[in-house]
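Below is one structure, written out as structure tokens, with a few remarks after it.
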Ligand SMILES: Cc1cc2nc3c(=O)[nH]c(=O)nc-3n(C[C@H](O)[C@H](O)[C@H](O)COP(=O)(O)OP(=O)(O)OC[C@H]3O[C@@H](n4cnc5c(N)ncnc54)[C@H](O)[C@@H]3O)c2cc1C
Ligand code: FES
């Protein structure tokens, strides 16, 4: 983890109120993995004390570039839209734990709700580079909010659902999952909490059937991998990337806690933001 200056090289409003920004930040791009995030400070005169967390949307270690994709929801995100190429800001990263892909997984199912695309987008690049097949299920309120195909690698199979039926499947993105469940070795999701909760329920029925989750389990002897370990996460059918309000983003303030299935508090900034869905107590109401 490093605290470094990043230089804005491009900034574009790609959808109404949604921005894609590219930053030149070689040290932050080196070694970053899909699922991790940066904590970004607004400028000295913005009057905002707390940094803002953003997922690594894409990372290119060769050119030293990373992108973030965000929606303007408040003062901080609005401030970022007023930056111009050449402006420099301070970023802390890479933070948090990444998605864990089992080396035997050939078929990855990515599920994104709205801005959740920013949480799984980098995983599509990583998976394609490693020769895996990727299907992305994307859900939005309406056609005007649909992530542009042109921003995805050609290799990705892209399926859209909209709440109002203006494009793609008419309904929630979660309704598409059963069609791909048998095909997928692992699934990775980011989006609103109700979406993640619904997916976690679906994943329970998948446990122990087909795919890596079953392959990874040795029969008979052998100790189970500790929950939360990379090994255990790799064997889970579904991994989710969670978003909570954050203060420090380095594990000190406990402002980002969710409850685990065993009742232990989990810091989204340290133990997450990626978790195996079965690690979380989805009904705890944190
Ligand atoms: C690990 C992580 C990764 C994230 N990645 C992205 C990303 O890639 N793209 C993106 O657009 N957003 C992302 N977020 C959410 C983003 O950090 C907030 O939208 C941002 O900090 C809001 O700042 P603001 O000053 O504009 O809004 P504020 O003025 O602070 O708040 C405006 C509104 O946004 C809500 N809000 C603020 N922070 C969060 C948060 N952390 N989670 C949920 N709601 C929040 C507030 O409740 C309020 O309703 C991520 C959050 C986390 C924890
Ligand atoms: S944000 Fe401070 S502990 Fe996670």
Only residues that are in contact (Cβ under 8 Å) with a residue 12 or more places away in the chain and part of a strand (DSSP E or B): list them for segment 252-284, please. 257, 258, 259, 260, 266, 267, 273, 274, 275, 276, 280
Suppose we keep only residues that are away from ligand 2 (no atom under 14 Å from the Cβ) and in contact with a strand residue (DSSP E or B) (Cβ under 7 Å, 6 or more places away or on another chain) within segment 230-258. Which one would you say is farthest from residue 111 (Cα to Cα)? 232
From the option list 213, 224, 236, 189, single residue qualifying as in contact with a helix residue (DSSP H, G or I) (Cβ under 8 Å, 6 or more places away or on another chain) and at pLDDT 95 or above is 189
So if I check each of 28, 4, 50, which one is in a loop (DSSP other than H, G, I, E, B) and either out of contact with any strand residue (DSSP E or B) (no Cβ under 6 Å at 6 or more places or on another chain) or under 17 Å from residue 250 (Cβ atoms) (or both)? 50
What is the residue count in segment 74-101 for residues that are farther than 17 Å from residue 10 by Cα, modelled with pLDDT of 95 or more and assigned to a loop (DSSP other than H, G, I, E, B)? 5
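Restricting segment 237-265 to residues that are at negative phi and buried (at least 24 other Cβ atoms within 10 Å of the Cβ), which is farthest from ligand 1 (Cβ to nearest atom)?
Checked segment 237-265; the qualifying residue farthest from ligand 1 (Cβ to nearest atom) is 237.
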In the set 137, 123, which member is surrounded by 17 or more Cβ atoms within 10 Å (Cβ to Cβ) and assigned to a strand (DSSP E or B)? 137
Any idea which of 32, 25 is buried (at least 17 other Cβ atoms within 10 Å of the Cβ) and either more than 30 Å from residue 236 (Cβ to Cβ) or at pLDDT below 95 (or both)? 25
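The values are calculated or read from the model by the stated rules, or taken from the named source; none is laboratory data. As the structure is a computational prediction, the values presented were derived from the model and not from experiment. So basically every Cβ, Gly included, is an ideal-geometry build from the backbone, and we count neighbours across all protein chains shown.
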